[in-house]
Amino acid sequence: MARFAFYEKAGERRVVREGRNHNAFLFTSFWLIAKGLWLEAAGVFVFICFVALPLVPAAPLAAMGLLVLPGIYLWLEGQNMVAHRLERRGWALVALVEATTQEGAEIAYQMRSLQTQSAGSTAVRPPHAAGSAATPPPLPNAARPKMQGNKRGPAPFGLEGL
């Protein structure tokens, strides 16, 4: 199962799938530009032009290895970079949902928000979402579990009974 993070800002919602991204590995620079990570795309361009390509005549195998490094890094951490970009721009993390597909995660998220509304949640809403009745309350910092030792914390939404 994949894990999806839901971000909200001013009535809009974005979904970011956590984990590896094969498109980020295959189309490194284009993927960064498409996700709006301009500074990171410029860094990859500078790395390729001034570090990896000058090595091609002297050590072609080493240059090929260096050319693949940004793709491997983005394959592993690209989705986290997108999530951090949203957080820097003021988007609030409101839910983490585990599902097999993005559509399944959105359905589970909608069910959770309906349950929260019908139960009359007492959670405090942030000022930017005070007038929005259709959005579920964000997770307050005090309610987030503290990681201790080797424990992974509570199960993601939908897996509490397993």
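The values are calculated or read from the model by the stated rules, or taken from the named source; none is laboratory data. Because the structure is a prediction, the values reported are computed rather than measured. Here the Cβ positions follow ideal geometry from the backbone for every residue, glycine too, while neighbour counts run over all protein chains shown.
Values as computed for the structure displayed
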quantity	calculated
Test result for Phe47, under 27 Å from Leu93 (Cα atoms) and either assigned to a helix (DSSP H, G or I) or modelled with pLDDT of 95 or more (or both)	no
Looking only at the range 17-44, and only at residues there that are of a type in the set (Phe, Trp, Tyr) and part of a helix (DSSP H, G or I), the one that is nearest to the chain's Cα centre (by Cα)	Trp31
Residue in the range 110-129 that is outside any helix (DSSP H, G or I), exposed (fewer than 13 other Cβ atoms within 10 Å of the Cβ) and at pLDDT 90 or above present	no
Arg14 in a strand (DSSP E or B), exposed (fewer than 15 other Cβ atoms within 10 Å of the Cβ) and charged (D, E, K, R)	yes
Neighbours by Cβ (under 6 Å, 6+ apart or cross-chain): first from the range 65-82, closer than 12 Å to Phe27 by Cα; second aromatic (Phe, Trp, Tyr)	Gly71/Phe25; Trp75/Phe25
